[in-house]
Each structure stands twice: as structure tokens, then as C-alpha cells.
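Peer 1: Below you will find the structure I want to go over with you.
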Amino acid sequence: MGERFAIGLDLGGTELKAVRLSRAGQVERFLARPSGVRETWETPLASLAGCAMGCGCPGVIRPEDGSLVDRTAHLPHWKGTPVRDELARRLALPVAVDNDANLAALAEHRLGAARGARVCVAITLGTGVGCGIVIEGRIFRGAWGGAGELGHVPLGSGHSGCACGVAGCAEAEASAAGLTQSARALGLEPAEAGTVFARAATGHRGAMEAVERFTERLGALVATAVDLLNPDMVVLGGGLARSGDVWIELLRRAVARHALPSHVGALEIELAAFGERAGAVGAGLLAWDRFGG
């Protein structure tokens, strides 16, 4: 009998990421390819086909049956989609599905930057703003899988709309899209997040202003989670988190301004150990937990 392994998938608004994960939690292989979520209803499922046991998906995922509750802006063609059952049918494999940010939090708590934390809040920064919560070693999912939708609280300025429909949604300004929109408004081109961070690191005034706006909105979001949940660790992952560290100290200061002093004195805010791989690693862990025996 060959060596057993799990495949973990992280379906995002831009990319599909996959890892082959050993029983010991070792990432043996990693790949990323376009997710195609904006093309058709079928395209993301076709991207996922070929390898799946654990899958992280945007939106509210019902814990009992792995289905999407209502809709999410990051999967525009899906509404109430039975994600787990569709994948299991196509692959003829057992499949476990959870929210992508939940799985990133699981990976960081069990194997990464938040090991040993009593309460971990993992923020995933990319196309949107994801948030996963692990309390005393267990993912906190809420009543029907919707806990942690931090990106859609109404803490934005209202100048930029979000496809979620929430008035003043913060994600429109505290995500990669928000950073690039702010950079373009300041005349920066190209306005990709990595370029903006790189120019800010050299002291470029416009880039620094865009980064300061971004970290201020994100800091208010993180502070909201800090005051509500009193975590001892906040982990920052996803695509934006690998774009250098010029913004991390700005974010720490913003959190300190917006959160209660009693809640930030011993709080740690760190980059995710697994970076953009965290969601896929967490999906692999979910597969081992559900099907590993």
C-alpha cells in the first residue's frame, strides 16, 4: 500500500491553490492556477476537479453538509451551491469543505505562527478580507457557519461599494482591491498591491499615503475583532501578507489606536507562517481530521 496523503484546496477569487499534505502536516507539493470563478458556474468546479479531499471555499459554508449558504461576492455564479456534494460526485472521493479563512486559521493554529494561542484570529488578505477564528484548538463557526465575516462589517467610508451589498462595507477599502483603487486615485501606475508596497518601502509619498489609508481601515477591522474576541494572537496571511513588511508596523499602530488598551497589551500580531498556502494546508488538515482514521 502506498504512502497516504491528503490534498488540500483553497478556492479564491483569483487563484486555486493546492497542497499535497502528509499525515505529519508536511507540505510535499504546492501549486496555484487561475480559479476562473468569474467565468461560469461550472468553471470553478472544473478547476477543482482532478484532486480533492479537503477544500476551502469563500462564503458561509454550512458545517453539516458543506453547502454554500445563499451567495458570496467572490463566487458570483454560485448561490446555495452544494459544494461538498458536487465535488464528491465529480471526483468519486470523500470531500470535506469549510470556509477558506477558517482553514487558514486552523493551519496557523495547529502548525504555524499561532501554535499555543488560546484564541487565534487569522486574517486572510487578498481579493477580499477573510477571517477565521480558533478558540481552544477548535474552529469557531457560529450558528450555521457564518462566524468571522469581518470584511463585511460597515466600517468603510462608503466611498467604494462592495458586491456583498452591505452599505459602507469595509472590505472595499481594506483589501487588495481597496489598496489598488486608492493608489490609482493618487495617480500611481501600475497600482498592483505589490508595487505599491515596494514603492512605499522606498519612501514614495503617494504610495505611503495609499498604504496608510489601507492600514487604517484594516486596523479598525482588526481592532473590532480584538475587542470582541480578546485573542492573544492575530495572524495575517493571504496574498497581501507576502508583500513586504513596511505596512505591518503601521497596522499594529492602527490596531492600538482603535482597540481597548486592556486588549492590546499582550496581543501579538504576526505574519502567517504559511503565507498564501495557509488555506490549502488547512484544507489538507481538515481532510485528515475527517477521513484520516
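Peer 1: Here are some residues: Ala198, Ala147. Which one is in contact with a strand residue (DSSP E or B) (Cβ under 7 Å, 6 or more places away or on another chain) and among the aliphatic types (A, V, I, L, M)? So that I can check it myself, show each step before the final result.
Peer 2: Working: Ala198 fails: in contact with a strand residue (DSSP E or B) (Cβ under 7 Å, 6 or more places away or on another chain).
Exactly one of Ala198, Ala147 is in contact with a strand residue (DSSP E or B) (Cβ under 7 Å, 6 or more places away or on another chain) and among the aliphatic types (A, V, I, L, M), namely Ala147.
Peer 1: Quick one: in segment 164-180, of everything that is surrounded by fewer than 19 Cβ atoms within 10 Å (Cβ to Cβ) and either under 19 Å from the mean Cα position of the chain (by Cα) or in contact (Cβ under 8 Å) with a residue 12 or more places away in the chain (or both), which residue is nearest to His77 (Cα to Cα)?
Peer 2: At the first step, the residues of segment 164-180 found to be surrounded by fewer than 19 Cβ atoms within 10 Å (Cβ to Cβ) are 164-168.
With either under 19 Å from the mean Cα position of the chain (by Cα) or in contact (Cβ under 8 Å) with a residue 12 or more places away in the chain (or both) added as a condition, the list becomes 164, 166-168.
Details: Cys164: 13, Val166: 19, Ala167: 22, Gly168: 24 Å.
Filtering segment 164-180 for residues that are surrounded by fewer than 19 Cβ atoms within 10 Å (Cβ to Cβ) and either under 19 Å from the mean Cα position of the chain (by Cα) or in contact (Cβ under 8 Å) with a residue 12 or more places away in the chain (or both), the one nearest to His77 (Cα to Cα) comes out as Cys164.
Peer 1: Let me ask something else. Pairs only if they're at least six apart or on different chains, beta carbon under 7 angstrom, first in segment 59-79 and free of Cβ contacts under 8 Å to residues at least 60 places away in the same chain, second acidic (Asp, Glu); list them, first residue then second.
Peer 2: Qualifying pairs under 7 Å: Lys79/Asp70.
Peer 1: Any residue at all in segment 213-227 that's farther than 29 Å from Cys120 by Cβ and either in contact with a Cys (Cβ under 9 Å, 6 or more places away or on another chain) or surrounded by fewer than 19 Cβ atoms within 10 Å (Cβ to Cβ) (or both)? Break it down stepwise before answering.
Peer 2: First, the residues of segment 213-227 that are farther than 29 Å from Cys120 by Cβ: none.
The answer is no; no qualifying residue exists.
Peer 1: Let me ask something else about it. Among all residue pairs at least 6 apart or on different chains, which show Cβ distances below 9 Å where the first residue, located in segment 19-30, is farther than 15 Å from Leu103 by Cα and the second is of a type in the set (D, E, K, R) and part of a loop (DSSP other than H, G, I, E, B)?
Peer 2: Ser22/Glu3; Ser22/Arg4; Arg23/Glu3; Arg23/Arg4
Peer 1: Within segment 206-223, count every residue that is of a type in the set (Val, Ile, Thr) and more than 24 Å from Arg110 (Cα to Cα).
Peer 2: First pass over segment 206-223, keeping only residues of a type in the set (Val, Ile, Thr): 211, 215, 222.
Next, from what is left, pick out any that are more than 24 Å from Arg110 (Cα to Cα): 211, 215.
Number satisfying all stated conditions: 2.
Peer 1: Pick from segment 181-198 the residues that are part of a helix (DSSP H, G or I) and surrounded by fewer than 20 Cβ atoms within 10 Å (Cβ to Cβ): which of them is farthest from the chain's Cα centre (by Cα)?
Peer 2: First, pick out the residues of segment 181-198 that are part of a helix (DSSP H, G or I): 181-185, 193-198.
Applying the additional criterion that residues be surrounded by fewer than 20 Cβ atoms within 10 Å (Cβ to Cβ) yields 181, 184-185, 194-195, 198.
On the way: Gln181: 20, Arg184: 24, Ala185: 26, Gly194: 17, Thr195: 21, Ala198: 22 Å.
Here the answer is Ala185.
Peer 1: What are the residue pairs meeting all of these: first residue in segment 145-156, first residue under 9 Å from Leu221 (Cα atoms), second residue in a loop (DSSP other than H, G, I, E, B), Cβ atoms under 6 Å, and 6 or more apart or on different chains?
Peer 2: Short answer, once both residue conditions are applied: Gly151/Gly128; Val153/Ala170; Leu155/Ala170.
Peer 1: When segment 137-160 is examined, which residues are found to be among the aliphatic types (A, V, I, L, M), part of a loop (DSSP other than H, G, I, E, B) and within 15 Å of the chain's Cα centre (by Cα)? Quick ask: steps written out before the conclusion?
Peer 2: Initial filter on segment 137-160 (among the aliphatic types (A, V, I, L, M)): 139, 143, 147, 150, 153, 155.
Imposing the further condition that a residue be part of a loop (DSSP other than H, G, I, E, B) reduces the set to 143, 147, 153, 155.
Within segment 137-160, just Ala147 meets the criteria.
Peer 1: Is it the case that Gly130 is assigned by TED's automatic domain parsing to the domain that holds Gly13, within 27 Å of Glu173 (Cα to Cα) and under 14 Å from the mean Cα position of the chain (by Cα)? Steps first, please.
Peer 2: Working: assigned by TED's automatic domain parsing to the domain that holds Gly13: no; within 27 Å of Glu173 (Cα to Cα): yes; under 14 Å from the mean Cα position of the chain (by Cα): yes.
So Gly130 fails the test.
Peer 1: Scanning for something surrounded by fewer than 24 Cβ atoms within 10 Å (Cβ to Cβ), assigned by TED's automatic domain parsing to the domain that holds Arg217 and closer than 25 Å to Phe214 by Cβ, does segment 73-85 turn up at least one residue?
Peer 2: no
Peer 1: Oh, and also: Would you mind stating whether Ala88 is under 19 Å from Gly275 (Cα atoms) and crowded, with 18+ Cβ neighbours inside 10 Å?
Peer 2: On the way: under 19 Å from Gly275 (Cα atoms): no; crowded, with 18+ Cβ neighbours inside 10 Å: yes.
For Ala88, the condition - under 19 Å from Gly275 (Cα atoms) and crowded, with 18+ Cβ neighbours inside 10 Å - is not met.
Peer 1: Take Gly142 and decide whether it is among the small types (Gly, Ala, Ser) and in contact with a helix residue (DSSP H, G or I) (Cβ under 9 Å, 6 or more places away or on another chain).
Peer 2: The answer is no for Gly142.
The values are calculated or read from the model by the stated rules, or taken from the named source; none is laboratory data. As the structure is a prediction and not an experimental result, all values here were calculated from the model. Every residue, glycine as well, gets a Cβ built from its backbone with ideal geometry; the counts of neighbours run over all protein chains shown.
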